[in-house]
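The values are calculated or read from the model by the stated rules, or taken from the named source; none is laboratory data. Because the structure is a prediction, the values reported are computed rather than measured. No Cβ is skipped: glycine too gets one built from the backbone with ideal geometry, and neighbour counts run over all protein chains shown.
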Amino acid sequence: MELWICLAGLKPTRKCKRFGNGKGAYVHIAAWADSRGAFEERVRRAAEELDCSLVDFDDVQPFEERIDSLDYSEELSEMRVTAMDNPNDAVFGKFHIWLQDEAN
């Protein structure tokens with residue numbers, strides 16, 4: 001098992017109230033998985049649990065590779081610690097909400 005991370009684009013379903021008047025959001029998501037495919041499926045299921053649909057993946061990579069990059073932030077560091085303590089959960093970062101449908 002390996003810890004993976006991505007930047008996911010989400011759009012709300014009719015039941016979702018998480019984004020207020022927003023049309024969707026981008027969020028970093030981390031989760032443990034055996035492969036990239038298994039990770040992407042975990043992210044898809046986690047989005048559905050929030051009453052969202054997954055519209056895109058970006059920067060999918062093992063977390064250890066992200067640590068070596070220049071864009072490794074405090075938020076990602078906190079997500080890593082949370083994922084280490086909660087290996088069965090998908091860990092979400094801060095939601096960056098967009099208000100116009102054309103944004104995605």
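Can you tell me which residue among 102, 75, 49 is among the acidic types (Asp, Glu) and modelled with pLDDT under 85?
102
Evaluate the following for residue 87: is it out of contact with any Pro (no Cβ under 9 Å at 6 or more places or on another chain) and either surrounded by 12 or more Cβ atoms within 10 Å (Cβ to Cβ) or modelled with pLDDT under 90 (or both)?
no
Which of (1) touching a residue at least 24 places away in the same chain (Cβ under 8 Å); (2) within 29 Å of residue 100 (Cβ to Cβ); (3) loosely packed, with under 15 Cβ neighbours inside 10 Å does residue 48 not meet, given it meets every other one?
(1)
Restricting to region 12-44, what's the tally of residues that are within 18 Å of residue 83 (Cα to Cα), free of Cβ contacts under 8 Å to residues at least 40 places away in the same chain and not hydroxyl-bearing (Ser, Thr, Tyr)?
8
Which of the residues that make up region 4-36 are farther than 18 Å from residue 94 by Cα and either modelled with pLDDT of 95 or more or among the charged types (D, E, K, R) (or both)?
Answer for region 4-36, where residues must be farther than 18 Å from residue 94 by Cα and either modelled with pLDDT of 95 or more or among the charged types (D, E, K, R) (or both): 14, 15, 32, 33, 34, 35, 36.
Report every pair of residues separated by at least 6 positions or lying on different chains whose Cβ atoms are under 9 Å apart, first residue within region 88-104 and closer than 17 Å to residue 44 by Cβ, second of a type in the set (S, T, N, Q) and at pLDDT 85 or above.
Final answer for the pair search is 89/82; 91/82.
Considering only residues that are over 13 Å from residue 3 (Cα atoms) and under 15 Å from the mean Cα position of the chain (by Cα), which ones fall in region 74-91?
Listed by number, the residues that qualify are 75, 78.
What's the number of the only condition in (1) modelled with pLDDT of 95 or more; (2) surrounded by fewer than 19 Cβ atoms within 10 Å (Cβ to Cβ) that residue 61 fails to meet?
All conditions are met except number (1).
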